[in-house]
């Protein structure tokens, strides 16, 4: 597991049914591209988050495939429609097999 | 004598350059999260009266729109990942004394309000000027019985960022007189000393040529009110002494060490050139 | 205009290089695009790519893509060592088919966005982003 991987997520706490809301996510991760070399000239192997999924009550909002060209501390901003109250689940998949998740609740009036 | 001459020449040269440099300030204001007003320009402090600079400008003013945007919202600002980590460290017990920062200092928002704005400053007990990083390590080793943080690595910058946030928006106000005066004078002398193969002093770029381009970089006034800063180049927080090292290395000189008395003095002087600007850290810079 | 032998040699080497290089770059991009589109023709319009004209640092360049109604949008960086940057697949609960992220660009180059529409068609947009490198900022 990469060290110190902390996610930050911004989701509004409330929304109207069917409203389009904005979601921002940020996660600390080096996103080692596999292009850099260390002091001895050896390639530092690639180690990135390769996939990010946001779901709401089990349905997909967005599923992102990440390549090494995504910057360190991957940031995504996207939108969702919320038909009802429930839970957003955010999942990041690391090359090394680790999976990072977080959730946010939202109340829909 | 030579310094006075240098500065007089610089001031005369700047007279012509100043008008061009001022044209670089597009007058934009910085408000973070829609609520925190950051003074990115202010009248130059009295001690800069013969530098030819009337208005001091934060580095933010010199950046492109996209870079500026990254700092205007704490969520968009990647430095806040480190602030979160700093907060965790604040509440974590470490060291032989079984304390965390919170044990003595309580809530960081209350105890650290205004602290960053007055650093570096003279520490009476220690008999020296201390930087924020120096003071953090002093607390860790002497009060907590914990290992000192590496001066410029991510643990330290995260803690500095956390503490900077508590002074955000407050005017920088470092003391340059009294017991700190010697260190301040030393820092001032360094600022105007040419270093390295390229024989450049801080003033050559940041006082005489701010607003101009050096190769592809848009020169700022070299203010440090925004430090520690999230540098896009490093995709991580960078600290004042790191930047000093980088600048001196870019003149192709042997540079001083982070945490060295020379850099502490320089940091005090450079901070004082920003007296009046708001504490902006952690900021975003390219 | 007459050229001496050296000039003629340099010019022909330059021309040969110019003929070879773009082909090599676009081969990798062609593969990425073919994998995404399955060889279908790509149209224009209905997709917006927002990127800075000049990126102050190539390490972190904010970009946004938007294609109302799209099922997926792929971003490519034509001048990077590997052109693939990322692909956004929009699910049923996506609000608008748009997303923003930050990417690495190795140098001045075209950034390309291709959207897949529900009827199987594809549209693309591209923009050149200038990436400044070097100066005393280090």
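Could you work out [θ]222 nm for chain B from helices alone, using -39500 (n - 2.57) per DSSP H run of at least four and dividing by all its residues? Round to the nearest 500 deg cm²/dmol.
-11000 deg cm²/dmol
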Problem - Beta bridges per DSSP with both ends in the protein assembly as shown, % antiparallel, nearest 5 - result: 90
Handout entry: Sorted by Cβ density within 10 Å, fewest first, the residues C:119, B:152
Key = C:119, B:152
Practice task
Taking 7 Å along the Cα-to-C-beta vector as the label spot, tell me the residue C:31-residue B:29 distance in nanometres, rounded to one decimal.
Solution key: 5.4
Practice task
Report, for chain B, the % of DSSP beta bridges that are antiparallel, rounded to 5.
Solution key: 80
Problem - Neighbour-count ranking [beta-carbon atoms within 10 angstrom, fewest first] of C:74, B:159, C:117 - result: C:117, C:74, B:159
Handout entry: Cα-projected label distance for residue A:16 with residue B:142, points at 7 Å along beta-carbon direction, nm
Key = 6.0
Completion exercise
Long-range share for chain A, i.e. C-alpha pairs more than 21 Å apart as a percent of all pairs, stands at 40
Completion exercise
Using alpha-carbon positions, the gyration tensor of region B:190-230 gives root eigenvalues a ≥ b ≥ c; with a/c under 1.5 called rounded, otherwise prolate if a/b exceeds b/c, else oblate, the class is oblate
Handout entry: Dimensions (Å) - the protein assembly as shown, Cα atoms, principal axes, largest first
Key = 78, 76, 46
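Could you work out the Kirkwood radius for region B:59-113, taking every pair of different alpha carbons, averaging 1/r and inverting it, reported in Å?
It is 13.4 Å.
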Completion exercise
A student applying the Cα gyration tensor rule (rounded when a/c is under 1.5; otherwise prolate if a/b is larger than b/c, oblate if not) would label region B:104-193 prolate
Fill in the blank from the handout: Taking a ≥ b ≥ c as the square roots of the Cα gyration tensor eigenvalues, with a/c under 1.5 meaning rounded and otherwise prolate when a/b beats b/c or oblate if not, region A:64-109 comes out prolate
Problem - Per-residue mean of C-beta atoms belonging to partner chains within 10 Å, peptide C:79-89 - result: 5
Handout entry: Along each principal axis, Cα extent of region B:89-154, largest first, Å
Key = 28, 25, 24
Completion exercise
With label points set 7 Å from each Cα along the Cα-to-Cβ direction at residue A:91 and residue B:50, the distance between them in nm comes to 6.9
Completion exercise
Ranked on Cβ counts within 10 Å of their own Cβ, fewest leading, B:30, B:237 go B:30, B:237
Exercise for the section: Post the alpha-carbon centroid distance, region C:69-138 to region A:33-101, in whole angstrom. Expected result: 15
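Please tell me the relative contact order of chain B in percent, rounded to the nearest whole number, where contacts are Cα pairs under 8 Å and at least six residues apart.
27
Each reported figure results from applying straightforward, stated rules to the coordinates on display, with no laboratory input. Being a predicted model, the structure only gives us computed values, none of them experimental. Glycine also receives a Cβ, built like all others from the backbone with ideal geometry; neighbour counts cover every protein chain displayed.
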